[in-house]
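The values are calculated or read from the model by the stated rules, or taken from the named source; none is laboratory data. The shown structure was predicted, so the numbers you read here are calculated from the model rather than taken from an experiment. Please note: Cβ atoms are built from the backbone with ideal geometry, for glycine as well, and neighbour counts cover all protein chains shown. SASA here: full protein model, heavy atoms, side chains in, ligands and nucleic acids out. Shrake-Rupley method; radii C 1.70, N 1.55, O 1.52, S 1.80 Å.
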Amino acid sequence: MTPTITAFERSPDRGKGQARDMRVRWTLEEVGQPYDVRLVSFSEMKEPAHRMLHPFGQIPTYEEGDLALFESGAIVLHIAERHAGLLPDDANARARAIAWMFAALNTVEPPIVDRGMATLLERDKIWYEERLPILEDRVRDRLGELSHRLGDADWLDGAFSAGDLLMVTVLRRLNGSGMLEKYPNLSAYVARGEARPAFKRAFDAQLAVFTAASAG
Ligand code: GTB
């Protein structure tokens with residue numbers, strides 16, 4: 001059964017692959033699972049019909065037969081568990097890959113989101129200039145620790161996994177900030193992720209949505 005995901009009708013990032021449907025698209029591309037996309041506007045996301053799928057009125061969602069899921073991490077895990085290629089067969093290695101998925105979403109993404117939200121929404125606040133360096137220090141702490149753990153390895157724990165897929169999408173949220181470039185091994189890690197054919201297919205698909213919306 002072909003799953004259907006939801007994505008922004010018009011992504012505020014202008015097709016740069018920053019919205020969280022990107023990680024779901026990439027996952028589906030990695031495992032070779034075709035999918036349909038239902039595009040939703042900001043107002044549609046807040047309608048009861050969409051809230052039945054997503055209690056917080058957001059994207060992405062995932063529907064497959066009688067299963068409806070929200071939360072990008074849960075969706076990626078669901079797909080990775082049902083297809084070969086994104087989680088190791090060995091039970092311990094699999095548990096570690098899942099730990100990296102949680103680390104990406106629970107430990108690395110929050111300070112990156114906090115910084116991003118501040119730069120988007122809080123620039124006019126009197127305390128902004130004081131707060132930004134604090135938020136950036138928190139991001140740098142995590143980047144330093146992650147950089148140290150990655151070392152000169154290609155991926156976080158052996159072969160490329162769903163943990164790497166999520167971590168790369170999380171680190172990409174720093175694009176344009178200049179922060180990632182201070183950690184050459186992390187920049188190279190993100191570039192390795194972006195060089196994967198499945199990433200490119202997912203990226204092109206979400207960009208095509210933005211390009212079509214802009215032309216229409
Ligand atoms: N924890 C949830 C998950 O992982 O799925 C978070 C989902 C979420 O934040 N969804 C966002 C959303 O629907 C889109 S991804 N927002 C609309 C709303 O809340 O009303 C976050 C996002 C949005 C836009 C950019 N951008 O333009 O760069 C980047 C990331």
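How long is the gain from A191 to D89 if the chain were fully straight, where each residue apart is worth 0.36 nm and the alpha carbon distance is subtracted?
Numbers: separation 102, 0.36 × 102 = 36.72 nm, distance 2.61 nm.
Roughly 34.1 nm would be gained on extension.
What size of dipole, in debye to the nearest 20, comes out for the chain about its Cα centre when the only charges are +1 on Lys and Arg C-beta atoms and -1 on Asp and Glu C-beta atoms?
Working: 27 positive and 32 negative charges, 74 e Å.
With Lys and Arg at +1 and Asp and Glu at -1, about 360 debye.
State, to one decimal in nm, how far the label point of R201 lies from the label point of L120, with both points 7 Å from Cα in the Cβ direction.
A separation of 2.9 nm, rounded to one decimal place.
Suppose we keep just the DSSP beta bridges with both residues in the chain; what percent of those would be antiparallel, to 5? Please list the in-between numbers first.
On the way: 6 of 11 bridges.
In the chain, DSSP labels about 55 percent of beta bridges as antiparallel.
Going from the alpha-carbon gyration tensor of the chain, what semi-axes, largest first and in whole Å, does one get by taking the root of 5 times each eigenvalue?
Details: eigenvalues 138, 117, 50 Å².
Taking √(5λ) for each Cα gyration eigenvalue gives 26, 24, 16 Å.
If r is the Cβ-Cβ distance from D137 to F56 and R0 is 30 Å, what FRET efficiency results, to the nearest 0.05?
So, using R0 = 30 Å, E works out to roughly 0.55.
Along the charge dipole of the chain, pointing to its positive end and built from +1/-1 on Cβ of Lys, Arg, Asp and Glu, which listed residue (L166, Y62, A215) has its Cα farthest out?
Going by the Cα projections, it comes out as A215.
To the nearest 10 square angstrom, what accessible area does K200 show with a 1.4 Å probe?
110 Å²
Roughly how many Å² of T211 are accessible to a 1.4 Å probe, to the nearest 10?
80 Å²
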